[in-house]
1. For the chain, set up a GNM with springs between Cα atoms under 10 Å and report which of Gly13, Gly119, Gly55 has the largest fluctuation.
2. How far, in nm, would the chain grow between Lys113 and Val59 when pulled straight, counting 0.36 nm per residue and subtracting the alpha carbon separation?
3. For Asp142, what accessible area in Å² do you get when you roll a 1.4 Å probe over the heavy atoms of the protein chains, rounding to the nearest 10?
4. Suppose a student asked you for the relative contact order of the stretch 60-142, using Cα pairs under 8 Å spaced at least 6 residues apart; what percent would you report?
5. Order Thr134, Thr71, Thr64 by their accessible area, 1.4 angstrom probe, all chains in place, largest first.
6. Quick check: pseudo-label points 7 Å beyond the Cα along Cα→Cβ at Glu3 and Thr36, how many nm apart are they?
7. With point charges of +1 on the Cβ of Lys and Arg and -1 on the Cβ of Asp and Glu, referenced to the Cα centre of the stretch 1-139, which listed residue (Met124, Leu97, Leu17) lies farthest in the positive direction of the dipole?
8. Full-extension gain between Glu102 and Lys51, please, as 0.36 nm times their residue separation minus the C-alpha to C-alpha distance.
Amino acid sequence: MNEHEGKTAITFGVFDLLHFGHFELFRRIRELVGPTGKVYALLQIDEMVEKYKPGYKNVYDFATRQKMIETLRSVDKAIPYDVVGVEAVKDLDFNLLVVGPEHTNERFQKLFKWCAENGKEVVMLPRTQGISTTRLKEIIRDL
Ligand code: CTP
């Protein structure tokens, strides 16, 4: 049996213009926790995306991103967050924090430490190569 079977996993992201890399991420998380586990997508609110990525504008607003992500069979729920950190997760009942290889900044480091101290496991999954929201925008712009 998979060691994560039945657990509750959370993962952070903006998930704008939902694409194959996102689908693969959630497929892999679902594979980890199995059908009896829970998968929660923590979705960054619009105001904070704009604050942390100056000049960057989402195609879809929060409510639309939330609806889109919740149509995925592999996702149970999309939950809003403002910034990555303990505040965003401390009221959630979860066992597993799934991150991408780019999630290395100080906020994540502090969160990893909190996870270690609070019995939450951190699992890093590789990104799907060749696709990102940014890349998708470039491809469409250059068509
Ligand atoms: N992700 C992935 N494979 C990709 C793109 C993203 O596994 N090809 C994962 C990231 O590692 C992260 C999550 O999806 O855990 C959310 O990433 P997000 O920043 O919302 O998507 P990107 O496509 O990377 O967006 P951007 O180009 O705006 O950074």
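1. For the chain, modelled as a Gaussian network with Cα springs under 10 Å, the answer is Gly55.
2. Numbers: separation 54, 0.36 × 54 = 19.44 nm, distance 3.35 nm.
Length difference between fully extended and current span is 16.1 nm.
3. 110
4. Values: 49 pairs, mean separation 20.8, N = 83.
With pairs under 8 Å counted, the relative contact order is 25 percent.
5. Details: Thr134 75, Thr71 110, Thr64 50 Å².
Result of the area sort, largest leading: Thr71, Thr134, Thr64.
6. The two pseudo-label positions are separated by 1.9 nm.
7. Leu17
8. Values: separation 51, 0.36 × 51 = 18.36 nm, distance 1.87 nm.
Contour length minus Cα-Cα distance gives 16.5 nm.
The values are calculated or read from the model by the stated rules, or taken from the named source; none is laboratory data. These numbers were taken from a predicted model, which means no experiment stands behind them. Note that we place each Cβ from the backbone using ideal geometry, even for glycine, and neighbour counts take in every protein chain shown. SASA here: full protein model, heavy atoms, side chains in, ligands and nucleic acids out. Shrake-Rupley method; radii C 1.70, N 1.55, O 1.52, S 1.80 Å.
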